[in-house]
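A.B. asks: I'd like to ask some things about the structure below.
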Amino acid sequence: MAARLPAAIRAELVRVRQHLARPGPLSRADRDKAAFAVARLAECVDRLRAAHGLRRGAWLRASTPLVTLPHAALLGSALGTTTSAVVLHFQVGGAPWPALGWASGGVVAAVGCYFGAVLVTHRLVWWRRDVVLRTVEEELAALRVS
């Protein structure tokens with residue numbers, strides 16, 4: 001089971017609940033399987049809770065370790081393109097203030113869009129984990145009782 005995926009945790013919880021809701025008494029093996037599955041779910045919820053507490057930078061590095069390099073490359077290429085455009089503008093004798101204003105605006109827009117996208121994605125993932133943690137903990141407590 002994927003330990004940090006909220007959908008996998010919820011799917012496993014539904015599977016255990018259906019297993020326990022079968023008609024008739026459960027055999028000892030079925031009860032042991034259900035107890036093992038509930039214990040594994042509790043471990044996964046604990047790992048999800050630990051991942052839920054990560055700050056944005058740590059979350060980005062943990063969730064997408066290989067994607068951060070392309071992120072940095074794209075941001076660097078946007079900044080490099082803007083810088084080279086300003087340099088070329090000055091070489092052909094363009095006025096400095098409009099070019100610097102547009103270049104600064106482009107840099108601010110690129111950096112703002114990048115960090116805005118990371119922030120929105122982090123909040124979406126945080127909200128999904130929060131919903132799963134709130135609902136799954138209650139259902140796990142009910143399964144442990146029964």
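A.B. asks: Per-residue ellipticity at 222 nm for the chain, helices alone: DSSP H runs ≥ 4 residues times -39500 (n - 2.57), over residue total, nearest 500 deg cm²/dmol? Don't skip to the answer; put the middle values down first.
C.D. replies: Numbers: 5 runs with 122 residues, N = 146.
Roughly -29500 deg cm²/dmol at 222 nm, from the helical runs in the chain.
A.B. asks: Follow-up. Under a GNM of the chain (C-alpha, springs under 10 Å), which listed residue has the highest mean-square fluctuation: 133, 74, 60?
C.D. replies: In the Gaussian network model the winner is 74.
A.B. asks: At a Förster radius of 25 Å, what calculated FRET efficiency corresponds to the Cβ-Cβ distance of residue 61 and residue 124, to the nearest 0.05?
C.D. replies: After rounding, the FRET efficiency stands at 0.90.
A.B. asks: Write down Rg/Rh for segment 6-145, rounded to two decimals, with Rg from the C-alpha atoms and Rh from the Kirkwood relation over Cα pairs. Don't skip to the end; give the middle numbers.
C.D. replies: Working: Rg = 25.4 Å, Rh = 19.2 Å.
Result for segment 6-145 is an Rg/Rh of 1.32.
A.B. asks: Could I ask something else about it? Test of understanding: what is the full-extension gain from residue 133 to residue 109, defined as 0.36 nm times their sequence separation minus their Cα-Cα distance? If you can, show how the numbers build up before the last one.
C.D. replies: Working: separation 24, 0.36 × 24 = 8.64 nm, distance 3.55 nm.
Gain on extension, residue 133 to residue 109, equals 5.1 nm.
A.B. asks: Dipole size in debye (nearest 20) for segment 2-146 around its Cα centre, Lys and Arg Cβ +1, Asp and Glu Cβ -1?
C.D. replies: Values: 19 positive and 9 negative charges, 100 e Å.
Magnitude of the dipole: close to 480 debye.
A.B. asks: Let me ask something else. Which whole-Hz couplings ³J(HN,Hα) result when phi for each residue of segment 121-138 is put into the Karplus expression 6.51 cos²θ - 1.76 cosθ + 1.60, θ = phi - 60°, listed in order with x for Gly and Pro?
C.D. replies: Residue by residue, segment 121-138 yields 5, 4, 5, 5, 5, 4, 5, 4, 5, 4, 4, 5, 4, 5, 7, 6, 4, 5 Hz.
A.B. asks: Residue by residue through segment 110-118, which ³J(HN,Hα) values in whole Hz follow from phi under the Karplus form 6.51 cos²θ - 1.76 cosθ + 1.60 (θ = phi - 60°), with glycine and proline marked x?
C.D. replies: 5, 5, x, 5, 5, 5, x, 5, 5
A.B. asks: Which of 136, 87, 118 moves the most in a Gaussian network model of the chain with Cα springs under 10 Å?
C.D. replies: 87
Just so you know, all these numbers are worked out from the coordinates, no wet-lab data involved. Quick caveat, the model's predicted, so the values are computed rather than measured. We place every Cβ from the backbone using ideal geometry, glycine too, and count neighbours over all the protein chains shown.
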